[in-house]
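To keep things clear, I will list the structure first and then write my remarks on it.
Derivation of every value follows stated rules applied to the coordinates shown; laboratory data play no part. Bear in mind that the values here come from a model prediction, so they are computed numbers and not experimental data. Cβ atoms come from the backbone with ideal geometry, glycine included; neighbour counts cover every protein chain shown.
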Amino acid sequence: MLACHVPRQTPKLRIRCPFHMAKHGKLQTTIEYVAARVILAVLSRLPLSFSMALGRGIGRLAYVVAGHLRRTGQRNLELAFPEKTVEEREALLVGCFRSLGRELGIFSKFLTGSPSLLRSNFDVNGLENLEKAKAEGRGVILFTGHLGAWELTSFGLSLVGHPLSFLVRRLDNPRVEELVDRGRRRFGNKTIGKLAAARGMVKILRSGEALGLLIDLNTLDEEAIFVDFFGVPASTNFMVAKLALRNQTPIVPIFAPWNEEKKKFTLLLSPALQPSPTGDEEADIHQLTSQLSLVMENTIRRFPDQWLWIHRRWKTRPPGEPGIY
């Protein structure tokens, strides 16, 4: 996964119980690990079309049983698409759960699938944009969000000869983390834990390498500013903009939506966004973060049933504003 300097509640591919490691011991750790191994093993042994179909079924079941996530998604969709009917928004929410299940299906192949099998299940559109940005020699920031098969945005690039480094929030269960991380790194990618991120990110860019980040989640700490997202102020991580401006690094948007017509994913790489510092760093960071947020929003509008609507994107509010959820 391309991942940002993430908040504590970041909803990664959590094949685990929702309890923090500090609250349970070795038995719970083992149970979670065995469950993850069994799920991934079953899915990995099925033809990919079957594993994604089963994943979609798991997602549909989650829609039925996870009432708190469903309510979060309904509220988010009310904010983002007030013009749509209740039925239209509900269809998008069902699609969100199915999309998560579809990603679980493709992720199950990361550890054991042959390169030819994996490569046959996604197209690449715009790879020349990444190659052009790399040729500038100032490093590249690959910017994405939790849309479609977001794990494929990094894994797919490594499979076509463009490995990168990207930030992750380590899972609380170290055995599950090792399992997931091994799949992410199979073809040369490197993952960086949040706690060791600051110096590592700068070093990667100054070495002319690619760094993967995203900013589409609610951010709780001092690295957040408020910018509009679907017309509603959202607490947004500004590290992508700050890194790009200080290092004059191009930012290449990349997403991996599902193409229903072709029955495969598409890696979409857009032309690079070039940072343009004016000397007022605070204003520049705000402007560039707003621009990135708009890129994210416009991409979601193209694929509205494939974004992570079940995340409380607008949980943190500006001072004095009431809570949204």
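For the chain, calculate the relative contact order in percent as a whole number, restricting contacts to Cα pairs under 8 Å that are 6 or more residues apart. Walk me through the intermediate numbers first.
Working: 590 pairs, mean separation 81.2, N = 325.
Computed over the chain, the figure is 25 percent.
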Quiz item: Out of S49, Q74, Y63, whose Cα points farthest toward the positive end of the dipole of region 42-92 (charges: +1 Lys, Arg; -1 Asp, Glu; placed on Cβ)?
Solution: S49
Quiz item: If you place +1 on the Cβ of every Lys and Arg, -1 on the Cβ of every Asp and Glu, and leave all else neutral, what size is the dipole of the chain about its Cα centre, to the nearest 20 Debye?
Solution: 1420
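Going through region 65-99, which GluC sites (Glu not before Pro) have at most 15 other Cβ atoms within 10 Å and a DSSP loop state? Spell out each step's value before the answer.
On the way: sites: E78, E83, E87, E88, E90; in loops: E83.
Sites meeting the loop and neighbour criteria: E83.
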Practice problem: Treating cross-link reach as a plain straight distance, find the lysines whose alpha-carbon is under 19 Å from the alpha-carbon of K264, omitting any fewer than eight places away in the same chain. | Solution: K109
Quiz item: Could you list log10 I(q)/I(0) for region 80-201 at q = 0.20 Å⁻¹, which the Debye formula gives when each Cα is one point scatterer?
Solution: -1.23
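Please compute the contact order of region 129-257 in relative form: average sequence separation of alpha-carbon pairs under 8 Å and at least six residues apart, divided by the residue count, as a percent.
Details: 212 pairs, mean separation 50.9, N = 129.
Averaging sequence separation for qualifying contacts and normalising by length gives 39 percent for region 129-257.
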Quiz item: Cα to Cα, under 21 Å, and not fewer than 8 places away if on the same chain: which lysines meet these conditions relative to K134?
Solution: K190, K203, K242
